Amino acid sequence: MRLSQIKQVAVIGAGIMGHGFAQVFAQKGYPVFLYDIDKEILKKASLRIAANLDTFIKHGIIRQKEKKAALEKIATTTDLREAVGKADFVLEAIPEIMDLKKEAFTKLDQLAPPHAILASNTSGLSITEIGAVTRRPEKTIITHGGNPPHIIPVIEIVRGEKTSDKTAELTYRLMLKLGKKPVRLLKEVPGFLFNRLQFALYREALHCLEEGVATAEDIDLVVKAGYGFRLSILGPLETSDFGGLDTFYRICQNLFPLLDASKEPPLSLKKLVEEGKLGVKTGEGLYPYPPAIARRKIRERDRRLLQQLKLFQARK
Ligand code: NAD
């Protein structure tokens, strides 16, 4: 299959990630079937996509007629055969549970045309293991994007042991065509790069919070106004080159033995989860989120991310 032969797309799972990916494909003119097992989630997904597009209009990223064109490209369905029967590229975004993914890929393999590529947005499960349930492991691959997927540019492309060069190359070019910044991993490692790096920082941030080193606000501020302020311009490796590898080497010697190296999530996080304090979605997590504040914070997050996206696109 050539890139120009990818004409119909299916997105499986219409939650946080799936609805955003459906939007990304639709904005580039691909007809998309958005599938979920839950009709209510599909209704919500359509509303969320329309709201995302309105935010794009508000920030001058698209015009009204592009919103209309994108919405016309998306059809929702609870019929998997309808969703993938004519798909050339299928992107799965269902919950991060290996058995569920295997079950879904078994069905996708049966119902999608033999030439279709089956991609997963898993955050860290093995595509070698998921792809092994299909009769086309060479056409299975990971395309892992960040949340919100309609804004964050990077897509990690991870091959399984049997993924073919053709599938990897085609997927890479498709992601470029979608306006994304694809990155090829040279090895299949758990958590890929995005989550290995993100969770190394998260472990230390939680550790500092639990040890009473600073408040949650100040820990986040050190990242937002300090370490993270630089990160979208200079990655951690470039940062060390700019800072001097001799200095960074000495700091590694001093600090590595003292950094948190826990193999389990901290008890404070476990307790919050057990109490149902799951963050924005339940109104409380590490911070309180009464409904009005949650709405304001989401709007503010999107506004700032879109400003950053515009700068990022301008520098390409
Ligand atoms: P989510 O819970 O928001 O959405 C999952 C959706 O899948 C739900 O709408 C659910 O109804 C549906 N679903 C459940 N079983 C299904 C099935 N058998 N077939 C079709 N639909 C089914 O989850 P999410 O956050 O969108 O995560 C989806 C995937 O993306 C996961 O693998 C996750 O690890 C990955 N991911 C999530 C994030 C994030 O920040 N949320 C970031 C990157 C990757």
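The values are calculated or read from the model by the stated rules, or taken from the named source; none is laboratory data. Bear in mind that the values here come from a model prediction, so they are computed numbers and not experimental data. As a convention, Cβ positions derive from the backbone with ideal geometry for all residues, glycine included, and neighbour counts pool all protein chains shown. Remember, those area values only see protein heavy atoms, side chains included, never the ligands or the DNA or RNA. Shrake-Rupley method; radii C 1.70, N 1.55, O 1.52, S 1.80 Å.
One table, with the values for the structure above:
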item: Cβ crowding within 10 Å averaged over residues, with 185-195, 103-113 ranked highest first; result: 103-113, 185-195
item: Under 11 Å, Cβ to Cβ, from GLY146 - net charge with Lys/Arg +1 and Asp/Glu -1; result: +1
item: Cα-based Rg of the range 145-201 normalised by 2.2 N^0.38 Å, two decimals; result: 1.16
item: Whole-percent pair-distance distribution, where bins are 10 Å wide, for the alpha carbons of the range 24-71; result: 26, 51, 21, 2
item: Cα lying deepest toward the dipole's positive end in the chain, options PHE33, LEU185, THR78, charges on Cβ; result: PHE33
item: Label-to-label distance, nm, for residues given as GLU129 and GLN64 (7 Å Cα→Cβ offset); result: 5.1 nm
item: Cα centre as origin, Lys/Arg/Asp/Glu Cβ charges: the chain dipole, Debye; result: 1580 debye
item: The range 226-285: Cα Rg divided by the 2.2 N^0.38 Å rule of thumb; result: 1.67
item: Dipole magnitude of the range 153-299, debye to nearest 20 (Cβ charges: Lys/Arg +1, Asp/Glu -1, about Cα centre); result: 880 debye
item: Solution diffusion estimate, µm²/s, Stokes-Einstein, the range 66-224, Kirkwood Rh from C-alpha pairs, 25 °C, viscosity 0.890 mPa s; result: 142 µm²/s
item: Rg/Rg_globular for the chain, with Rg_globular taken as 2.2 N^0.38 Å and Rg from C-alpha atoms; result: 1.06
item: Those trypsin sites (Lys or Arg not before Pro) in the range 237-276 that DSSP places in a loop and that have at most 10 other beta carbons within 10 Å; result: LYS263
item: Part-to-part distance (alpha-carbon centres) for the range 4-45 and the range 162-220, which is given in Å; result: 23 Å
item: Alpha-carbon centroids, the range 63-116 and the range 266-316: separation in whole Å; result: 27 Å
item: Kirkwood Rh in Å, taken over the range 158-316 so that all alpha-carbon pairs contribute; result: 19.2 Å
item: Two-site label geometry, THR215 and TYR249: point separation in nm, points 7 Å out along Cα→Cβ; result: 4.1 nm
item: Peptides 54-64, 228-238 ordered by average Cβ neighbours within 10 Å, highest first; result: 54-64, 228-238
item: Accessible carbon and sulfur surface of the range 113-169 relative to its total accessible area, %, 1.4 Å; result: 54 percent
item: FRET E, pair LEU201, ILE298, Förster distance 25 Å, beta-carbon r, rounded to 0.05; result: 0.70
item: Rounded accessible area per residue of the range 9-99, 1.4 Å, Å²; result: 48 Å²
item: Kirkwood Rh in Å, taken over the range 1-146 so that all alpha-carbon pairs contribute; result: 15.3 Å
item: Cβ-derived FRET efficiency at R0 22 Å, LYS44 paired with ASP79, nearest 0.05; result: 0.75
